[in-house]
1. If you go through the stretch 118-157 one residue at a time, how many are under 18 Å from the mean Cα position of the chain (by Cα) and either surrounded by fewer than 17 Cβ atoms within 10 Å (Cβ to Cβ) or of a type in the set (A, V, I, L, M) (or both)?
2. Among the residues of the stretch 1-57, which ones are surrounded by 10 or more Cβ atoms within 10 Å (Cβ to Cβ) and among the acidic types (Asp, Glu)?
3. Quickly run through the stretch 1-34 and pick out the residues that are closer than 30 Å to Ala132 by Cβ and among the acidic types (Asp, Glu).
4. Looking at (1) without any contact (Cβ under 8 Å) to a residue 24 or more places away in the chain; (2) under 30 Å from Pro23 (Cβ atoms); (3) not in a helix (DSSP H, G or I), which is the only condition Ile91 fails?
5. Exactly one of these conditions fails for Lys5: (1) farther than 30 Å from Gly77 by Cα; (2) modelled with pLDDT of 95 or more; (3) more than 29 Å from the chain's Cα centre (by Cα). Give me its number.
6. Anything in the stretch 58-98 that is loosely packed, with under 11 Cβ neighbours inside 10 Å, within 23 Å of Gly39 (Cα to Cα) and of a type in the set (D, E, K, R)? List them, or say none.
7. Take the conditions in contact with a Lys or Arg (Cβ under 8 Å, 6 or more places away or on another chain) and of a type in the set (Val, Ile, Thr) and apply them to Val6. Does it pass?
8. Filter the stretch 1-51 for residues that are over 30 Å from Lys120 (Cα atoms), in contact (Cβ under 8 Å) with a residue 12 or more places away in the chain and assigned to a helix (DSSP H, G or I) and give the result.
Amino acid sequence: MDKEKVGDVELPDDVFSANVNAPLIHQAVCAHLANCRQGTASTKTRREVRGGGKKPYKQKGTGRARHGSIRSPIFVGGGITFGPRPKDWHIVMPKKQRREALRSVLSMKNKDGTIFVLDKFISSDGKTAKMAKFFEKWELASGVIVTHCPDEKTIRAIRNIPNVKMVIDKDLSVYDVVRYKSLLLTKDAIGNIASRLVK
């Protein structure tokens, strides 16, 4: 964490030096964003809006257009035509494609030189100010930290720092890797990610 070399780590070629499949990465990101949508936006049609059961005025003799309800879409307070309705935006992506997309994006980060490996990532006191100095020392604009088992103090120290996110290795997604410029991995996380993707 002090940006000092303490050892060497060999990254598995099957995970960090695989072929980069850009269309599959794009598909995984689009699926993630679609699955984040709640799909609860809803408007009322003319049959659902309250009121309007009585004909507003007689059919003929007024010189006005004929109307049968003041809840028609052309009236203020009327129903909405072709408005949003509740919808399920969920996209199911096959497991093999998800693994391949994650291998591709990790390999892309490795080729770009934006992967950093730490022996450990722990905050002893849970202070955000000290953790912010860590990112200043590393000169990282944004980053996602992947660890195996984060403790409560470390989570508390990280959560208020902008453009920084901490995830557990089993929850790492393609979107997290793409969104943040740098990827910080602990030694334990590398082994767990490799065992998850090499099957």
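The values are calculated or read from the model by the stated rules, or taken from the named source; none is laboratory data. What you see is a predicted model; the values in this text were computed from it and never measured. Here the Cβ is made from the backbone with ideal geometry for all residues, glycine too, and neighbour counts use every protein chain on show.
1. Going through the stretch 118-157 one residue at a time, the tally reaches 4.
2. Correct list: Asp13, Asp14, Glu48.
3. Answer for the stretch 1-34, where residues must be closer than 30 Å to Ala132 by Cβ and among the acidic types (Asp, Glu): Asp2, Glu4, Asp8.
4. With respect to (1) without any contact (Cβ under 8 Å) to a residue 24 or more places away in the chain; (2) under 30 Å from Pro23 (Cβ atoms); (3) not in a helix (DSSP H, G or I), Ile91 is out only on (1).
5. (2)
6. Result: Asp88, single match.
7. In short, no.
8. Ala22, Leu24, Gln27, Cys30, Ala31, Leu33, Ala34, Asn35
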